[in-house]
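The values are calculated or read from the model by the stated rules, or taken from the named source; none is laboratory data. From a predicted model like this one, the values you see are computed outputs, not experimental measurements. Positions of Cβ are generated from backbone atoms using ideal geometry, with glycine treated the same way; all protein chains shown enter the neighbour counts. Each accessible area value is taken on the protein alone, full model and side chains, heavy atoms only, with ligands, DNA and RNA left out. Shrake-Rupley method; radii C 1.70, N 1.55, O 1.52, S 1.80 Å.
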Amino acid sequence: MSTTLAELVQTSNAVRATRARLEKRAHLRALLERLEGETLRLAASYLSGEIPQGRVQVGWSVLQKALQAADTGDDMPLFATVAEAAPSRSPTLEELDATFAKLHALAGPGSAQRRVGVLRVLLEPLDEAQRAFVQGLFLGELRQGALRAIAQEALAERFAVEIDALRRAVMFAGSLGEVVRALDAVRGDDAEATCLQRGEVLLGFEPRHGVPIEPMLAANADDVETALASFGGRAAVEWKLDGVRVQVHRHEDDVRVFSRRLRDVTALVPETVEAALGLSDHNFILDGEVIGFDARGRPAPFQDFMSRFSREADPDPDRDEEPTSPNEAARDPDAAADDARARDGDAVPIVRVETWYFDVLQRDGRSCVDDPYFERRTALEALVPETQRVPQEAVDDVKSAARIFDAARAAGHEGIVVKQLEAPYTAGRRGSAWCKVKPAETLDLVILAAEWGHGRRQGFLSNLHLGARDDDGPERFYMLGKTFKGLTDVMLQEMTDDLLELATRRDEHVVHVRPERVVEIAFDAVQRSRRYDSGFALRFARVKRFRPDKAPGDANTLADVQRVFERQRGPVE
């Protein structure tokens, strides 16, 4: 049975309207239970925020042009869409898939204009809710919430399989759709036998060369003592690097390198490829970071090294230059920073590039992800020379962990990651088995504007525009970036009511306010940026607390920001 985008969006909105996880899962299962075949695969993919074709080269600018054309009826080439026609109804999922396939195939001169034409015909008959869902798919916003995890839980119930087994299969398959297709192919009258067969199907998914695995993520810990105590007082402690996370696949003489966002960046890191070919083993999957070093032998600032990855963010030379979406900087700081860094003309020169590894996911065709961490580390040490391994040590006291932390900081790195010795590699999840400890800076900044939120923040002002005051007084402020991180529901409500009272003008989704409210902002680093008039941007900024006790004149100045930037760069030798 087929279904339409309207039905899918109705289910998605019902899920978002309730906070009860069981109710969310029930809504999803009610839809998924009546679907099968390709319709089921597509529904599961879209509800998880996944476009089966991968990147289709549609960004904020293209979407806005298409929406404007759809609303105004601009006279422009259409280049066809859904089944090469413009329906006056909501498209079926198969028709939507055909549109995505067409967008994915567009390339060469004029492809940007053709994308706008294809999108116009797709968007024209859609209502506001359907347009928001499609926009979320293109911009990657749907993958950021709990919808993806709950969709997997609903599918596990739909097929009567273990959720952990399903997640593991998705991790190795590279897409939820491929796993759903394999499960749906197993059918029969004997429910018990069918269930067993599906379990075996899931076990059949293993790490494969060229199929990136979602990286395991680390939770935050306030300090070394807290992190070590969470593991019973004994754990592995390794340096936390401020490089570019990569996953390196080698099969014989073929090496593929993938970014944290699972994109193929092989062509951008020839040094990594060369080093991987120099290892004695010929079949492996390694997890690590690529680091750039300056002339002093110090790790280059993250923003300077990331400039070489700007092609990953914008791989289509024919595409028009696109500004980021209103929420892009806060939604994906690394993606937004790529663009700013690519435009920077005063980056520190990179004189050496190295790849340091900290985990092994597969070796000689055998999956290692279920092995405990200490066994994976032993395997890594047998495979990779010490010069290519992230420094690590097993400790059982705070003093030793603090010593490693100090050594990492002295070498110019971010801090440490504390790892549970017995933990498997839980891909794609920010669990408690890894805890990162790094110093966080704070600044008192002024709210200059705020944007209307999406999803859970619908109806609230969020995504704060943050400014540092001029050194000579609070008459002028310089923007340092945006964030909605750290805002609770209560804070959102209070802040929305307050900022609307201070509003000076509105530009579509942005409410500009009198610069009177001060907030304490925690962040990881100050980086150069030509996006903002301050010349700087805050990396991973989040709201720590409101400061009603402070006036705008008490906020930090641009000179304060400059001092933090210089301090983080380290001493010039």
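Kindly flag which residue pairs out of 65/482; 24/65; 399/485; 436/550; 65/544; 419/485 have an alpha-carbon separation exceeding 27 Å in this structure. From 65/482; 24/65; 399/485; 436/550; 65/544; 419/485, over 27 Å: 24/65; 399/485; 436/550; 65/544.
Note that the chain shows a convex hull volume over its alpha carbon atoms of 170 Å³ per residue. One quarter of the convex hull surface built on the alpha carbon atoms of region 509-573 amounts to 5.8 nm², the projected area averaged over directions.
Taking the Kirkwood radius as the inverse of the mean 1/r across Cα pairs, report the Rg/Rh of region 427-557. Reported Rg/Rh (Cα atoms, Kirkwood Rh): 0.99.
Accessible surface computed residue by residue for the chain, with neighbouring protein chains in place and a 1.4 Å probe, gives 43 Å² per residue.
Once backbone amide H atoms are built at 1.01 Å from N, residue 534 has 479 as its partners under 5 Å, excluding neighbours fewer than 5 places away on the same chain. In this label model, residue 274 and residue 149 are separated by 4.2 nm, measuring between points 7 Å along each Cα→Cβ vector. Using θ = phi - 60° in the Karplus curve 6.51 cos²θ - 1.76 cosθ + 1.60, the 3J(HN,Hα) couplings for region 261-275 round to 8, 6, 9, 6, 10, 3, 5, 8, 10, x, 5, 5, 4, 4, 5 Hz; x is entered for Gly and Pro. If you average the C-alpha positions of region 448-495 and of region 211-252 separately, how far apart do those two centres end up, in angstrom? Here the answer is 31 Å between Cα centres. Tell me, what % of the accessible area of region 165-260 is carbon and sulfur with a 1.4 angstrom probe? Result for region 165-260: 48 percent of the exposed heavy-atom area is carbon or sulfur. Entry note, the chain: relative contact order of 12 percent, from Cα contacts under 8 Å with a spacing of 6+ residues. In the chain, a dipole from Cβ-located charges (positive for Lys and Arg, negative for Asp and Glu) runs towards its positive end, and of 466, 241, 251 it is 466 whose Cα lies farthest in that direction.
Of all beta bridges DSSP finds with both residues in the chain, what is the antiparallel percent, to the nearest 5?
For the chain, the DSSP antiparallel bridge percentage is about 90.
If you take every residue apart from residue 93 with its C-beta less than 12 Å away from the C-beta of residue 93, what net charge results, scoring Lys and Arg +1 and Asp and Glu -1? Charge balance in the 12 Å sphere: -4. The label point for residue 351 and the one for residue 410, both projected 7 Å from the Cα toward the Cβ, are 2.2 nm apart.
Ratio of Rg to Rh for region 145-278: 1.07 [Cα atoms; Kirkwood radius as inverse mean 1/r over pairs].
From most to least packed by mean Cβ count within 10 Å, the peptides 11-22, 377-388 give 377-388, 11-22.
Only residues of region 108-141 count here: report those whose backbone N is under 19 Å from the spot 7 Å along Cα→Cβ of residue 217, or say none. Answer for region 108-141: 136-141. The distance linking region 23-58 with region 507-565 is 39 Å (Cα centroid to Cα centroid, whole angstrom).
Which value, in debye to the nearest 20, describes the size of the charge dipole of region 204-292 about its Cα centre when Lys and Arg Cβ atoms bear +1, Asp and Glu Cβ atoms bear -1, and nothing else is charged?
Numbers: 9 positive and 16 negative charges, 49 e Å.
Here region 204-292 has a charge dipole of around 240 debye.
Here the chain is assigned +1 on the Cβ of each Lys and Arg and -1 on the Cβ of each Asp and Glu. Its dipole about the Cα centre then comes out at about 500 debye.
With K and R counted +1 and D and E -1, the other residues having a Cβ less than 15 Å from that of residue 506 yield a net charge of -2.
When the accessible area of region 341-497 is split by element with a 1.4 Å probe, what percent falls to carbon and sulfur?
49 percent
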